[in-house]
Amino acid sequence: MAKIICKCGHILSNSEAPNDIQLRVYTDKEWECILDCETIDPWMFPLPKYDVWRCSFCQRIYVFEEGNDFPVMIYKIDNDNA
């Protein structure tokens, strides 16, 4: 269970399960490895390489790597229509 404060000021936490903060995002290679298994048991899915969180207020995306308590990438919606 973890929590961080988003740059917009909202508290993000994964203490509730299920929640709308934590996303399951697999790379194409990770997904191919899962599909290559003889049987697919939803309870046996490996966790993805990255832990991805989305702020439900500002929609920022925080990407964490295993073993790192701080995001390695942060994405913000670009409102520039240029």
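The values are calculated or read from the model by the stated rules, or taken from the named source; none is laboratory data. Fair warning: this is a prediction, and the values are worked out from it, not measured in the lab. We place every Cβ from the backbone using ideal geometry, glycine too, and count neighbours over all the protein chains shown.
A few remarks follow.
- Some residue of the range 61-70 being among the polar types (S, T, N, Q), out of contact with any helix residue (DSSP H, G or I) (no Cβ under 8 Å at 6 or more places or on another chain), surrounded by 12 or more Cβ atoms within 10 Å (Cβ to Cβ) and free of Cβ contacts under 8 Å to residues at least 12 places away in the same chain: no
- Filtered residue count, the range 48-82, keeping only those that are assigned to a loop (DSSP other than H, G, I, E, B), of a type in the set (A, V, I, L, M, F, W, C) and over 14 Å from Leu12 (Cβ atoms): 3
- Check on Asp78, charged (D, E, K, R) and farther than 13 Å from Val25 by Cβ: yes
- Every pair of residues 6+ apart whose Cβ atoms lie under 9 Å, when the first sits in the range 18-30 and is of a type outside the set (A, V, I, L, M, F, W, C) and modelled with pLDDT of 90 or more while the second is surrounded by 10 or more Cβ atoms within 10 Å (Cβ to Cβ) and in a strand (DSSP E or B): Asn19/Ser13; Asp20/Arg54; Gln22/Leu12; Gln22/Asp51; Gln22/Val52; Gln22/Trp53; Gln22/Arg54
- Scanning the range 25-45 for residues that are surrounded by 10 or more Cβ atoms within 10 Å (Cβ to Cβ) and within 22 Å of Gly67 (Cα to Cα) returns Val25, Tyr26, Thr27, Glu30, Trp31, Phe45.
- The combined condition, being touching a Leu at 6+ places or on another chain (Cβ under 9 Å), among the β-branched types (Val, Ile, Thr) and under 22 Å from Asp78 (Cβ atoms), is fulfilled by Val52.
Residues checked against (1) modelled with pLDDT of 90 or more; (2) not in a loop (DSSP other than H, G, I, E, B):
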{"site": "Ile4", "(1), (2)": "yes, yes"}
{"site": "Cys8", "(1), (2)": "yes, no"}
{"site": "Leu12", "(1), (2)": "yes, yes"}
{"site": "Ile40", "(1), (2)": "no, no"}
{"site": "Pro46", "(1), (2)": "no, no"}
